[in-house]
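See below for the structure under consideration.
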Amino acid sequence: MVVMESLLLGSFPKPSSVTSGGNCWESNNFRVGHSPRVTRSIASVRVARCRTWNVLERYYVAKFPLPRMNHHLRCSVERSNIYQRKKGAHFLVYTASGQPLESESDAYSPKITSNSVLNALDAFYRFSRPHTVIGTALSILSVSLLAVEKLSDLSPLFLTGVLEAVVAALMMNVYIVGLNQLTDIEIDKVNKPYLPLASGEYSKGIGVMIVASFSIMSFWLGWVVGSWPLFWALFVSFVLGTAYSINLPLLRWKRFAFVAAMCILVVRAVIVQLAFYLHMQTHVYRRPTVFSRPLIFATAFMCLFSVVIALFKDIPDIEGDKIFGIRSFTVRLGQERVFWTCISLLEIAYGVAILVGAASSHTWSKCITVLGHAILASILWNRAKAVDLKSKAAITSCYMFIWKLFYAEYLLIPLVR
């Protein structure tokens, strides 16, 4: 309101006597050479302006008691010096500093707009938990390749089927990780203060809107595609993801270490491998259901890997979990014990993968899978020995490294034959 009143005052010419009590117009308003009629016209205009100004002054005297009125009037008239200047077809509003507040053409600076867009994208990037997004996309692509039997199968039909599955799954992924953040705002302020909800970049209302929208779009796409394996994959992921996070009676399964690990295992190891393989095999290629040797290997290997992810993710979050009563294995057994349990399970998985690769009847598959898993096992062991278990940053970095090994495995799985 004050700003509007200041603009209103600034739109009228200011008589020089408004503060001095002198004449309502200056003598230089009349120039030599004007005819009496012109002079009278100018005088009439000046008198009208003076009366208008006096009305405004009386309004301010009535509305703002002294000394507030004097201060407001002085700021509005003398210091602000707001005026409008017509420049072509545009109007600029200036302050006492002489800098334009806004113009029609410069109302939205391209640089400011660009920064706002980048900030919004960065916030959503962190909200979507990108390591899970990458893992989901790679796993679906990798499992879909297991359904490829000959080179001609790599057709536009294959690409369409993969795209349908990936987009629907990523939307459901955003729902699951978003719901987890909505129910863990206070915990994340301790464990992950960089997340948008914990940091305050997103309000709870925005979080709810994103989560609801993406879950609806995911189910809609799954229904439109008409693939029952895809739809059931989305439905089971939705149910387990909701039960894992939401704080309702008999739910919020993340409070129970074993049940929480089983939720992650079922989604990451079983649903992703079997449902998306069947989506390609039965819906896209219209072939009968066949559980091949590579598919069985991928499911078994990812069961161990999913258990490791479920256990390892709680190691850097021990502080917040203790405060809010989350009885994870890390809280119960300690960071060091859980850490080396995870490393041992992964090394066992790599050992089994080497044996499976060595038993392959294809020489190229045998060489790649044996050598590839041996290299990954060696890299993991060397990295684990260098981790400082007293440093949360070091443990978090190692956790993200585990996800990189997860990605690498999905590059090797299609080569297991």
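The values are calculated or read from the model by the stated rules, or taken from the named source; none is laboratory data. Here the structure is a predicted model, which is why all the values come from computation and not from measurement. Note: ideal-geometry Cβ built from the backbone for every residue, glycine included; neighbour counts use all protein chains shown.
Key figures for this structure:
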item: Residue ranges of helices (runs of 4 or more DSSP H) in the range 268-387 with at least 3 members touching a helix residue (DSSP H, G or I) at 6+ places or on another chain (Cβ under 6 Å) and of a type in the set (Phe, Trp, Tyr); result: 293-312
item: Residue check, residue 164 surrounded by 12 or more Cβ atoms within 10 Å (Cβ to Cβ) and not in a helix (DSSP H, G or I); result: no
item: Hits in the range 188-214 - residues which are of a type in the set (Phe, Trp, Tyr) and outside any helix (DSSP H, G or I); result: 194, 202
item: Any hit, the range 112-125, residues being in contact with a helix residue (DSSP H, G or I) (Cβ under 7 Å, 6 or more places away or on another chain) and either outside any helix (DSSP H, G or I) or crowded, with 19+ Cβ neighbours inside 10 Å (or both); result: no
item: Hits in the range 215-252 - residues which are assigned to a helix (DSSP H, G or I), farther than 16 Å from residue 165 by Cβ and not polar (S, T, N, Q); result: 216, 239, 240, 241, 243, 244
item: Residue count, the range 184-203 (criterion: over 16 Å from residue 313 (Cβ atoms) and either in contact with a Pro (Cβ under 9 Å, 6 or more places away or on another chain) or polar (S, T, N, Q) (or both)); result: 3
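Conditions tested, residue by residue: (1) in contact with a Lys or Arg (Cβ under 9 Å, 6 or more places away or on another chain); (2) surrounded by fewer than 21 Cβ atoms within 10 Å (Cβ to Cβ).
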site: 155; (1), (2): no, yes
site: 182; (1), (2): yes, yes
site: 185; (1), (2): yes, yes
site: 193; (1), (2): no, yes
site: 198; (1), (2): yes, yes
site: 230; (1), (2): no, no
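Matching residues to (1) crowded, with 22+ Cβ neighbours inside 10 Å; (2) in the same structural domain as residue 346 (by TED's automatic domain parsing); (3) in contact with a Pro (Cβ under 6 Å, 6 or more places away or on another chain):
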position: 246; (1), (2), (3): no, no, no
position: 251; (1), (2), (3): no, no, no
position: 258; (1), (2), (3): no, no, no
position: 262; (1), (2), (3): no, no, no
position: 270; (1), (2), (3): no, no, no
position: 278; (1), (2), (3): yes, no, yes
position: 296; (1), (2), (3): no, yes, no
position: 300; (1), (2), (3): no, yes, no
position: 307; (1), (2), (3): no, yes, no
